[in-house]
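Quick notes on the structure that follows.
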Amino acid sequence: LIDQKGYEFILGERLKTLPKEVKQSIVDLSNYKSEWIYSDHTGETITIKYTTLEYGDKTIICTYSSKRAKKDEIERLTKVEKAKSLLNNTSLLKTKQRRFFIKQTTKDKYELDQTKIDDAAKYDGFLAIATNTKLSATTILDNYKQLYKIEHSFRTFKSHLETRPMFHWTDSRIKGHICLCYIAFCLQNYVLQKVNKAEIKITESSLRKTLDKMQISLIETTNEQLYIKSAPSELEPKILHSMGLKPLLPMIKPGDLNV
């Protein structure tokens with residue numbers, strides 16, 4: 001569908017569904033003669049080996065990381081241990097055998113699928129990305145690395161901004177609900193980027209918690225009304241300074257409060 005619409009794409013490629021000759025080329029480390037170097041969120045320098053190959057109407061960029069290989073190995077061994085425990089509980093096997101390297105030999109007998117385990121081990125540390133763009137391999141890899149930001153944004157929409165579940169029945173109300181959530185996300189993201197341009201670096205969660213605590217309460221007495229400001233948190237002055245805002249006084253008369 002993406003091809004039919006004429007869009008360009010950068011997508012994760014499922015290694016195990018590729019043709020045999022392509023997979024053989026991917027798992028051959030002698031083909032990985034190029035390196036991509038970048039800094040992660042901690043500032044550590046990461047070096048990734050990669051190779052490219054043409055397949056159909058797209059280019060596949062394959063990367064290899066020894067760190068990822070160790071992670072994949074641990075995950076696979078965990079599944080194998082889980083499979084061994086499942087072999088003692090046949091009631092669960094019919095729904096979970098494909099996930100945990102188990103094969104059915106007879107009607108009521110199961111065993112570890114060692115062939116599948118060995119085949120999975122071949123792909124430890126490898127990751128493939130497919131694209132139909134004309135961008136350089138390093139540019140594509142750098143763009144794909146930003147995928148976590150999109151995934152994090154979706155989690156924010158679904159959880160903290162409560163985009164769903166929604167309890168509306170008309171199209172206009174549904175669109176309005178989503179629009180408000182999007183505006184809230186844009187404002188939050190704007191503040192976060194503005195603050196993080198300064199020396200301090202804060203997370204979305206800490207920003208949200210700080211903003212939640214920035215409240216004022218209207219106190220009425222016999223003679224007058226006063227707004228009482230909540231006690232400032234550690235990050236509040238830094239956020240206000242980054243946004244170019246002056247802090248409120250602890251007590252404010254209604255006439256002196258400008259909204």
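The separation of the stretch 12-83 from the stretch 170-249, counted between C-alpha centres, amounts to 42 Å.
Percent of Cα-Cα pairs more than 17 Å apart in the stretch 106-165, please. The proportion of pairs with Cα distances above 17 Å equals 68 percent.
In a simple Cβ point-charge model (Lys, Arg +1; Asp, Glu -1; nothing else charged), the stretch 23-148 has a dipole of about 580 debye relative to its Cα centre. Roll a 1.4 angstrom probe over the protein heavy atoms and tell me the percent of accessible area of the chain that is carbon or sulfur. Using a 1.4 Å probe with all protein chains present, the chain comes out at 54 percent carbon and sulfur.
For L226, what charge total do you get from the other residues with a beta carbon under 13 Å from its beta carbon, if Lys and Arg give +1 and Asp and Glu give -1? The answer is -1.
Which listed residue (Q104, I129, L147) has the Cα farthest towards the positive end of the charge dipole for the stretch 104-166, taking +1 on Lys and Arg C-beta and -1 on Asp and Glu C-beta about the Cα centre? Of the options given, the answer is L147.
Would you kindly calculate the translational diffusion coefficient of the stretch 51-205, applying Stokes-Einstein with the Kirkwood radius from alpha carbon pairs, for 4 °C and a viscosity of 1.567 mPa s, and quote it in µm² s⁻¹ without decimals?
Taking Rh from Cα pairs, D becomes 63 µm²/s.
Largest accessible area first, the residues T131, T51, T170, T17 order themselves as T17, T170, T51, T131 under a 1.4 Å probe with ligands, DNA and RNA left out. When nucleic acids and ligands are ignored and a 1.4 Å probe is applied, V22 ends up with an accessible area of around 20 Å².
Normalised by 2.2 N^0.38 Å, with N the number of residues, the alpha-carbon radius of gyration of the stretch 145-219 equals 1.32. Hull volume per residue, based on the alpha-carbon atoms of the stretch 125-259 and their convex hull, is 221 Å³.
Dividing the summed -39500 (n - 2.57) terms of all DSSP H runs of n ≥ 4 by the residue count of the chain sets its mean residue ellipticity at 222 nm at -13000 deg cm²/dmol. Taking all protein chains together and rolling a 1.4 Å probe, I216 ends up with roughly 70 Å² accessible. By a 1.4 Å probe calculation restricted to protein chains, L1 has an accessible surface near 140 Å², given to the nearest 10. Rounded to the nearest whole Å³, what is the per residue volume of the convex hull around the Cα atoms of the chain? So the per-residue Cα hull volume is 271 Å³.
Solvent exposure of the stretch 97-233 amounts to 71 Å² per residue of accessible area, where only protein heavy atoms count and the probe is 1.4 Å.
The values are calculated or read from the model by the stated rules, or taken from the named source; none is laboratory data. Computed from a predicted structure; not experimentally measured. For neighbour counting, all protein chains shown are included, and Cβ atoms are generated from backbone atoms with ideal geometry for every residue, glycine included. SASA here: full protein model, heavy atoms, side chains in, ligands and nucleic acids out. Shrake-Rupley method; radii C 1.70, N 1.55, O 1.52, S 1.80 Å.
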